[in-house]
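Engineer: Dumping the structure here so I can ask a few things about it.
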Amino acid sequence: MKKIVAMLWMAITVLFYGSARSQTLAAIDEIKMEQSSDYDKAEPFVLQTANYLLSSIYDKNNPDRVKAIQFIIKWMSGSAHYSFRMDETSAKIAKGNDDVMAVYMAAMTKYVIENKEGSKDPKLVKLNAVKYTLDYCGNPIFKMRMTKYLKKLAEAREKGELEKMLQDDK
């Protein structure tokens, strides 16, 4: 009897999770970003989308993931309140890996929306985006391989030298 209840509970959880996830991503199709005020109104959905990307298993062929990345890129490109720097560090982090770059962009987005004051400091944005990216790529559950430079950043983080390494890397 306990096994039946446990299996039923798991089935309900899976069904609920699946429907909640699809509702979350279905909403982004309906969000228009044409004027400056549209980008402001979209902010909660953008944060939800960034959190989705930073908490879901990497699957290059997942259409929801692709849609989420496109949505974040569109918002980053059109938001009047935030500016995003793609500098040498971001290029080294991704090193030609668009999937890692998408994680980094989601991380930047998450940080600026959750930290309005910190969003004005490009060094803080970079530092925290790198931390989120390291958390994601360093977790084997998400199945995202770290680039060589991310591995170096992870080592620096372990030694308490991440901020210094990022400052030295201009």
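Engineer: Check whether at least one residue in segment 77-87 is closer than 17 Å to LYS60 by Cβ, surrounded by 14 or more Cβ atoms within 10 Å (Cβ to Cβ) and touching a residue at least 12 places away in the same chain (Cβ under 8 Å), and report yes or no.
Structural biologist: So the first thing to find is which residues in segment 77-87 are closer than 17 Å to LYS60 by Cβ, and the list is none.
Checking segment 77-87: not a single residue is closer than 17 Å to LYS60 by Cβ, surrounded by 14 or more Cβ atoms within 10 Å (Cβ to Cβ) and touching a residue at least 12 places away in the same chain (Cβ under 8 Å).
Engineer: Another question about this same structure. Quick one: LYS60 ticks every box in (1) modelled with pLDDT under 90; (2) part of a helix (DSSP H, G or I); (3) open to solvent by 30 Å² or more (accessible area, probe 1.4 Å) bar one, so which box is it?
Structural biologist: Among (1) modelled with pLDDT under 90; (2) part of a helix (DSSP H, G or I); (3) open to solvent by 30 Å² or more (accessible area, probe 1.4 Å), the lone unmet condition for LYS60 is (2).
Engineer: Which residues, counting only those in segment 35-57, are of a type in the set (Gly, Ala, Ser), exposed (fewer than 15 other Cβ atoms within 10 Å of the Cβ) and either in contact (Cβ under 8 Å) with a residue 24 or more places away in the chain or over 26 Å from THR147 (Cα atoms) (or both)?
Structural biologist: Taking segment 35-57 first, the residues of a type in the set (Gly, Ala, Ser) are 36-37, 42, 50, 55-56.
From what is left, the residues that are exposed (fewer than 15 other Cβ atoms within 10 Å of the Cβ) are 36-37, 55.
Selection gives SER36, SER37.
Engineer: Follow-up. Which one is nearest to LEU53 (Cα to Cα), of the residues in segment 120-159 that are in a loop (DSSP other than H, G, I, E, B) and open to solvent by less than 70 Å² (accessible area, probe 1.4 Å)?
Structural biologist: The first filter runs over segment 120-159 and keeps only residues in a loop (DSSP other than H, G, I, E, B), leaving 121, 138-139, 143-147, 159.
Of the ones still in play, those that are also open to solvent by less than 70 Å² (accessible area, probe 1.4 Å) are 121, 138-139, 144, 146-147.
Working: ASP121: 24, GLY138: 15, ASN139: 14, MET144: 12, MET146: 16, THR147: 18 Å.
So, considering only residues that are in a loop (DSSP other than H, G, I, E, B) and open to solvent by less than 70 Å² (accessible area, probe 1.4 Å), the one nearest to LEU53 (Cα to Cα) is MET144.
The values are calculated or read from the model by the stated rules, or taken from the named source; none is laboratory data. The shown structure was predicted, so the numbers you read here are calculated from the model rather than taken from an experiment. When we count neighbours, we look across all protein chains shown, and the Cβ atoms used for this are built from the backbone with ideal geometry, even at glycine. Ligands, DNA and RNA are stripped out before the accessible areas are found, and what is left, the full protein with its side chains, is counted by its heavy atoms. Shrake-Rupley method; radii C 1.70, N 1.55, O 1.52, S 1.80 Å.
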